[in-house]
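Notes for the one structure printed next.
The values are calculated or read from the model by the stated rules, or taken from the named source; none is laboratory data. Note that the coordinates shown come from a computational prediction; the quantities given were computed from them, not determined experimentally. All Cβ positions, even for glycine, are placed from backbone atoms using ideal geometry, and neighbour counts span all protein chains on display.
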Amino acid sequence: MNKTKSVKQSFNLTGKVAVITGGAGLLGEKHAEAIAEFGGIPILLDIDEKAGTKKASRISNEYQVDCAFKLCDITDESQISSVQDSLLSKFGQIDILINNAAIDPKVEAKSDKNLSRLENFSIDQWNLEMAVGLTGAMLCSKVFGYEMAKKGEGVILNISSDLGTIAPNQRIYKKEGLPEHEQPVKPVTYSVIKHGLIGLTKYLATYWADKGVRCNALCPGGIYNNQPDEFVNKISNLIPLGRMADEDEYKASVVFMVSEASAYMNGQNIVMDGGRNVW
């Protein structure tokens, strides 16, 4: 049995080294801020060196923590292992992995035939998005998760989506005046990857449970990021709370899910979408 801690103490992440993939993106940055605010050490992994370095520097200065950026292609296991070696050399431990990286799927037409549509979707694009969003999560879990298992404790958090629990409503992407074959849609890869991450969560939750490594998934709903008003109104009408999420609204849930506050939660999928998936 774990020694009893106060509720406040259970959220403490002081000294915890947290690897965050896709760390240069919007959500990755917010995850890092949440970790830093509670005393953790966020390590941002991304292929965007300029943005990642800038964000790591800002977080270090603002939160007075040792936030760092590591250039890493998570589809390459050797690069992941190199990052792990450097982190173990500096910190001696890795405590948290947040699998957040993904390729943002485009729904706009690029030519006379919309390439987001299933009938036009290329196998090359499928392979690329699957490699980053799902294979990358598996590889990072394989490398960092095994290190946690050897240490005897750790937490893996997979960032899925509300569209990992429901199908996309393609009507919200519809453009008036376009024929059907030119209509944009949410690409097939997004749903498959986000559902796949929930499956990976359940697998990992049982794989290293006896070694003290927990794994859960967070399914965020859509985040407002200056999308066109027409789209925002359409998606907001599908949400009981009547709005998209603010970019900071998931931070507290991340802290809960990677801290000892959720010490007895394992293999679970937490949906935060304003109620969209229950309507």
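Before moving on, here are some points about what is shown:
- Candidates 114, 99, filtered to the one that is surrounded by 15 or more Cβ atoms within 10 Å (Cβ to Cβ) and under 26 Å from residue 206 (Cβ atoms): 99
- Conditions (1) surrounded by fewer than 18 Cβ atoms within 10 Å (Cβ to Cβ); (2) outside any loop (DSSP other than H, G, I, E, B); (3) touching a residue at least 12 places away in the same chain (Cβ under 8 Å): number failed by residue 193: (1)
- For region 132-158, the tally of residues that are within 14 Å of residue 212 (Cα to Cα), among the aliphatic types (A, V, I, L, M) and in a helix (DSSP H, G or I) stands at 2.
- A count restricted to region 140-158 and to residues that are more than 16 Å from residue 43 (Cβ to Cβ) and surrounded by 18 or more Cβ atoms within 10 Å (Cβ to Cβ) stands at 1.
- Residue that is surrounded by the fewest Cβ atoms within 10 Å (Cβ to Cβ), among those in region 256-272 that are among the small types (Gly, Ala, Ser) and part of a helix (DSSP H, G or I): 261
- Residue 194 being within 20 Å of residue 140 (Cα to Cα), within 15 Å of the chain's Cα centre (by Cα) and of a type in the set (Lys, Arg): yes
- Matching residues in region 200-248 - criterion: being out of contact with any Ser or Thr (no Cβ under 8 Å at 6 or more places or on another chain), within 20 Å of residue 35 (Cα to Cα) and either charged (D, E, K, R) or part of a loop (DSSP other than H, G, I, E, B) (or both): 246, 247, 248
- Residue check, residue 172 farther than 30 Å from residue 81 by Cα, in contact with a helix residue (DSSP H, G or I) (Cβ under 6 Å, 6 or more places away or on another chain) and either surrounded by 18 or more Cβ atoms within 10 Å (Cβ to Cβ) or without any contact (Cβ under 8 Å) to a residue 40 or more places away in the chain (or both): yes
- Pick from region 159-180, criterion within 23 Å of residue 239 (Cα to Cα), aliphatic (A, V, I, L, M) and outside any helix (DSSP H, G or I), ranking: nearest to the chain's Cα centre (by Cα): 159
- Near pairs, Cβ below 6 angstrom, 6+ apart or cross-chain, from region 101-117 (more than 13 Å from residue 183 (Cβ to Cβ)) to any residue that is in a loop (DSSP other than H, G, I, E, B) and modelled with pLDDT of 80 or more: 101/22; 101/74; 105/187
- Here residue 253 clears all of (1) assigned to a helix (DSSP H, G or I); (2) in contact (Cβ under 8 Å) with a residue 60 or more places away in the chain; (3) surrounded by fewer than 20 Cβ atoms within 10 Å (Cβ to Cβ) except the condition numbered (2).
- Qualifying residue in region 222-240 (condition: surrounded by 14 or more Cβ atoms within 10 Å (Cβ to Cβ) and within 15 Å of residue 160 (Cα to Cα)): yes
- The single condition among (1) part of a loop (DSSP other than H, G, I, E, B); (2) β-branched (Val, Ile, Thr); (3) closer than 30 Å to residue 178 by Cβ; (4) at pLDDT 95 or above that residue 65 does not satisfy is (3).
- Residue within region 39-46 that is more than 23 Å from residue 259 (Cα to Cα) and in contact (Cβ under 8 Å) with a residue 40 or more places away in the chain present: yes
- Scan region 121-131 for residues that are part of a helix (DSSP H, G or I) and touching a residue at least 40 places away in the same chain (Cβ under 8 Å) and the total you get is 5.
- Each residue in region 74-92 was checked for being crowded, with 16+ Cβ neighbours inside 10 Å and assigned to a loop (DSSP other than H, G, I, E, B), and 2 of them qualify.
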